[in-house]
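Structure record follows, encoded as structure tokens.
What follows draws every value from the coordinates through simple rules; no lab data is involved. From a predicted model like this one, the values you see are computed outputs, not experimental measurements. Backbone-built Cβ (ideal geometry, glycine too); neighbour counts: all protein chains shown.
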Amino acid sequence: MHTLRRITIALAAACLSACQVAPLNQLISDVFSSDPAPSVKADAGADKAAAERTPMAKATSDLLVPSLPLVERRESLSATGYAVISVQNHRTPAQQRLLAIRAAKLDAYRSLAEQVYGLRLDATTTVADMVVQNDTFRSKVEGVIYGATLVSITPSGDDTYETTLSLDKNTVQDLRMLYLTQLASRSR
């Protein structure tokens, strides 16, 4: 059970590895080298077991963490959200426009969260007689976004608003490290 938990943490760390390489390598190393049984006495056998886990952790972290993270290649992340004015639930056109701007901004935040944390995708396909009967996709994004800068709010066509947000790479790294820290503390 502990091994599965450690592998899950390592894979999550790899998915979010576009943050700083050195701290992520250290986090993965700490996950693999932590002692799952605190009751084991610190003797020569325990030291040998810890020494055997450390090369595995180093090799695993070297394989999982890319050498040039995506965020380090770009100065910031940007995301654009869209919303239709006429479908907003209000009677006055002015209030519909304001609600569309708000919806477009939330869509842009969702897109930023996808870029920072990734997207969970669940898919189900049912096949009968070698014909696809049902194909279902569900996606979920969850995370915290702070420090985003509003770049623009512009009308796009007659009935749509477009909102663009930007997130500095240092803030992205902070968000990912915060997420990894919370993930590691939940699993212990």
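One table, with the values for the structure above:
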item: Amide H contacts of Ala148 (H built 1.01 Å from N, under 5 Å, at least 5 apart or other chain); result: none
item: 12 Å beta-carbon shell around Gly143, net charge (K/R +1, D/E -1); result: +2
item: For segment 120-136, Karplus couplings with θ = phi - 60° (6.51, -1.76, 1.60), whole Hz, Gly/Pro x; result: 8, 10, 10, 10, 9, 10, 10, 10, 9, 6, 6, 10, 5, 8, 8, 9, 10
item: Hz values of 3J(HN,Hα) by residue in segment 77-93 - Karplus curve (6.51, -1.76, 1.60), Gly and Pro given as x; result: 9, 9, 9, 10, x, 10, 8, 8, 6, 5, 8, 5, 8, 7, 7, 8, x
item: Computed FRET value (nearest 0.05) for His90 with Ser152, which takes r as the C-beta separation and R₀ as 25 Å; result: 0.60
item: Spatial extent of segment 76-168: Rg and Dmax, with the Cα atoms as the point set, Å; result: 17.2, 54
item: Residues with amide H under 5 Å from that of Ser156, placed H, sequence gap 5 or more; result: Tyr161, Glu162
